[in-house]
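Asker: So that we are looking at the same thing, I have put the structure below in structure tokens.
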Amino acid sequence: MPTTRARSTRSGGLALLLALLAVVSGLSACSALGGDDDPSPPVASTDVTAEVRDVLTRHARALRDGRMTAFLDDVDDAKKPFAARQKRYFLNLRQLPLAAFAWRVPENSVTETEDGLRAVVELRMQLRGYDAAPVVTPQVLTFTRSDDGLLLAGDRDPEFNDRYDVELAPWDLTRIDVEEGDGVLGIFDATSVDAAYQIIASIERGIEAIDAEVPLDWSDRVVVYALSDIRALAELDNLPGGDPDKLDGVAFPVRTGPRTRRLASTRFMLHPRMIYRNDQTRDRLIRHELTHVALGLRDDKVPTWLSEGIAEYVSVQPIPTYRRMIAKDALTEARAGVDGLPRDKTFNGSRSGANYGIAWFACEYISATYGEAALWRLFDTMRAEGGTGEKGQDAVIRDVLGISGHDLADAAAQKVVNTFG
């Protein structure tokens, strides 16, 4: 089952850019993006920066209040594609349970351009009931000047987004349809929304299953993206395996900002091919991703095989043993014998099917031999005191289970063969 979690969503370079914008007098957004020899464009005056703040304050208030005409009054309607996108943006965000939505304009972040202004700002947005805190996202905005004042004229800078790993959300990319269940916020589109009732029901059942299996506190609430194309999936930074088309699903952390590890939420996304697959495979995939959501950042500090193995282990518990399936590659490798536990660096590479199977059955072996509590004791010990890397995992496995990592891998492979032939 090609499914995993992304472990990082923001780059250090972006954090540095914003920190500099906040503290270095005279630094502009354009000079931060340009080469060493690029001349710095003039920084806008304090009065102009205040004018930008006023426009964005008014723009955000109109959105929060549901006044689309007032929202579009601040948009340059001569920029027709942008104006159309802003209307779509308004309609999209009005479907979301917004607890917070506002822009912050740092000092010295507004610069003069040939046809107006350019500002590197921070968008502060929080989904009520799903985000523990507002999410701060850097954004480049452009403005033109009219007889009535400043007008918003652009909200995209591909070079900025690429260089600083700014990820666009579904509501930035396409027209969305939002459906909500018990603890589930589903983001769909016109093509996928007909499957919403099935997917949301599966997630609601999955939450109950995770609560029964995962002995850790979590919110019991989740945001899922189920869209008919892979654009939002491709936006994710550090996508495991690097190819969005090879993943059936992925869980990903949403941090409160680029300068912190604090988590606002963990969300997950389904590949389009899974949306209308209303069967055991999709339900199992959903439980796998929900396990990552429940673990949050806690499984960032353990080896990948343990993180993914636990997610696989939990995902199959509601399935009768005789109906469980494993990748053919895992069975082939198990029959041939394994050298050790799957490695982090190659886990999502060409042998991912085998790696998932061996990781899963390492957890199955632990649970069957030492009891399920031992599996979670190993997880807790691995993530304690800053976490455990591959070099240190063998000592932890010996301490908790009394066997080596190689012995565990060998036992997992033998259990695969005994189970599947």
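Asker: Which whole-Hz ³J(HN,Hα) couplings does region 368-377 yield from phi under the Karplus relation 6.51 cos²θ - 1.76 cosθ + 1.60, θ = phi - 60°, glycine and proline marked x?
Answerer: Calculated HN-Hα couplings, in order: 5, 8, 10, x, 4, 4, 5, 4, 6, 5 Hz.
Asker: With each pseudo-label sitting 7 Å past Cα toward Cβ, what's the residue 373-residue 46 distance in nm, one decimal?
Answerer: Label-label distance for residue 373 and residue 46, simple model: 6.5 nm.
Asker: Here is a further query. At each listed q (0.14, 0.17 Å⁻¹), what is the log10 of I(q)/I(0) that the Debye formula gives for region 250-347 modelled as equal alpha-carbon point scatterers?
Answerer: At q = 0.14, 0.17 Å⁻¹ the computed log10 ratios are -0.67, -0.94.
Asker: Divide the volume of the convex hull of the Cα atoms of region 75-196 by its number of residues and quote the answer in cubic angstrom per residue.
Answerer: Numbers: hull volume 16.2 nm³, N = 122.
Cα convex hull per residue, to the nearest whole number: 133 Å³.
Asker: Using θ = phi - 60° and the Karplus relation 6.51 cos²θ - 1.76 cosθ + 1.60, list the HN-Hα couplings for region 222-231 in order, rounded to whole Hz, with x at every Gly or Pro.
Answerer: These are the phi-based 3J(HN,Hα) values: 8, 9, 10, 9, 9, 10, 8, 9, 9, 4 Hz.
Asker: Note the per residue figure in Å³ for the convex hull of the C-alpha positions in region 299-360.
Answerer: On the way: hull volume 5.0 nm³, N = 62.
Output value, Cα hull per residue: 81 Å³.
Asker: On the principal axes of its Cα set, how long, how wide and how thick is region 120-168? Give whole Å, largest value first.
Answerer: Per principal axis, max minus min of the Cα coordinates gives 42, 27, 13 Å.
Asker: Angle, helix 405-420 long axis vs. longest principal axis of the chain, Cα atoms, 0 to 90°, nearest 10?
Answerer: Helix 405-420 and the main axis of the chain meet at about 80 degrees.
Asker: May I ask for the Rg/Rh ratio of region 148-212, computed from Cα atoms with Rh as the Kirkwood radius, given to two decimals? Before the final figure, lay out the partial values.
Answerer: Working: Rg = 17.6 Å, Rh = 14.8 Å.
Rg divided by Rh gives 1.19.
Asker: Taking a label point 7 Å from the Cα of residue 381 along the Cα→Cβ vector, which residues of region 396-421 have an amide N closer than 18 Å to it?
Answerer: Output list for this probe position: 396-412.
Asker: Have a look at 226, 99, 251 and tell me which one the Gaussian network model of the chain (Cα, springs below 10 Å) gives the largest fluctuation.
Answerer: 99
Asker: Quick check: convex hull over the Cα atoms of the chain, volume per residue in Å³, rounded to an integer?
Answerer: On the way: hull volume 60.9 nm³, N = 421.
Hull volume normalised by residue count: 145 Å³.
Asker: If you don't mind, there's one more thing I want to ask. Please report the Cα spread of region 239-304 along all three principal axes, rounded to whole Å, starting with the longest.
Answerer: So the extents along the principal axes, rounded to whole Å, are 39, 23, 22.
Asker: So, how do all the Cα-to-Cα distances of region 230-275 break down into 5 Å bins, in percent, from 0 on up?
Answerer: Percent of Cα pairs in each bin: 5, 21, 30, 21, 14, 8, 2.
Asker: Taking amide hydrogens as modeled 1.01 Å from N in the peptide plane, which residues meet the under 5 Å criterion relative to residue 103, leaving out close sequence neighbours?
Answerer: Here 124 satisfy the definition.
Asker: Here is a follow-up. For residue 98, what residues show an amide H to amide H distance below 5 Å, using hydrogens built from the backbone and excluding near sequence neighbours?
Answerer: It is 128, by chain and number.
Asker: A further question on this structure: Restricting things to alpha carbons, find the Rg to Rh ratio for region 60-146 using the Kirkwood radius for Rh.
Answerer: Values: Rg = 14.0 Å, Rh = 14.2 Å.
Using only Cα positions, Rg/Rh for region 60-146 is 0.98.
Asker: Sticking with this one: Considering the chain as a Gaussian network with a 10 Å cut-off on Cα pairs, which listed residue, 159, 308, 235, attains the greatest mean-square fluctuation?
Answerer: Between 159, 308, 235, it is 159 that shows the largest mean-square fluctuation.
Asker: Here is a further query. For a quick check of understanding: with a 1.4 angstrom probe and all protein chains in place, what accessible area in square angstrom does residue 165 have, to the nearest ten?
Answerer: Counting only protein heavy atoms, the figure is 50 Å².
Asker: Ignoring ligands, DNA and RNA, what accessible area per residue does the chain give at 1.4 Å, in Å²?
Answerer: Dividing the accessible area of the chain by its residue count gives 43 Å².
Asker: More than 20 angstrom separation, counting every C-alpha pair in region 198-324; what % is that?
Answerer: 43 percent
Asker: Expressed as a whole percentage, what fraction of the accessible surface of the chain belongs to carbon and sulfur atoms when a 1.4 Å probe is rolled over the protein heavy atoms?
Answerer: Values: 8360 of 17980 Å².
Summing carbon and sulfur atoms, their accessible area is 47 percent of the total for the chain.
Asker: Calculate the FRET efficiency for residue 61 and residue 336 from the Cβ-Cβ distance with a Förster distance of 60 Å, rounded to the nearest 0.05.
Answerer: Working: r = 64 Å, r/R0 = 1.07.
According to the calculation, E is roughly 0.40.
Asker: Report the paramagnetic label zone for residue 406: residues of region 331-366 whose backbone N is under 12 Å from a point 7 Å from Cα along the Cα-to-Cβ axis.
Answerer: Hits in region 331-366 for residue 406 at 12 Å: 338-341.
Asker: Kirkwood hydrodynamic radius, computed over distinct alpha-carbon pairs, for region 336-421: how many Å, to one decimal? Write down the numbers at each step before the final one.
Answerer: Numbers: mean 1/r = 0.0756 Å⁻¹.
About 13.2 Å for region 336-421.
Asker: So, one more: Gain in length, residue 279 to residue 231, computed as 0.36 nm per residue apart minus the alpha-carbon separation, to one decimal in nm? Provide the component values of the computation, followed by the final result.
Answerer: On the way: separation 48, 0.36 × 48 = 17.28 nm, distance 2.47 nm.
Roughly 14.8 nm would be gained on extension.
Asker: Length gain on complete extension for the stretch residue 395 to residue 175, per 0.36 nm per residue less the alpha carbon to alpha carbon distance? Working shown, then result.
Answerer: Working: separation 220, 0.36 × 220 = 79.20 nm, distance 5.09 nm.
Gain on extension, residue 395 to residue 175, equals 74.1 nm.
Asker: Let's test the formula: R0 of 22 Å, r as the Cβ-Cβ distance of residue 104 and residue 156. What FRET efficiency results, to the nearest 0.05?
Answerer: Working: r = 19 Å, r/R0 = 0.86.
It comes to 0.70.
Asker: Roughly how many whole Å is it from the C-alpha centroid of region 326-345 to that of region 354-384?
Answerer: If you average the Cα positions of each part, the centres end up 16 Å apart.
Asker: On a full-extension model of 0.36 nm per residue, what is the gain between residue 219 and residue 418, subtracting their alpha-carbon distance, rounded to one decimal in nm?
Answerer: Numbers: separation 199, 0.36 × 199 = 71.64 nm, distance 3.77 nm.
Taking 0.36 nm per residue and subtracting the Cα distance, the gain is 67.9 nm.
The values are calculated or read from the model by the stated rules, or taken from the named source; none is laboratory data. Note that this is a predicted model, so its numbers are computed, not measured. Counting neighbours? That spans all protein chains shown, and the Cβs are built from the backbone with ideal geometry, glycine included. When the accessible area is computed, the model is the full protein with side chains, heavy atoms only, and any ligands, DNA or RNA have been set aside. Shrake-Rupley method; radii C 1.70, N 1.55, O 1.52, S 1.80 Å.
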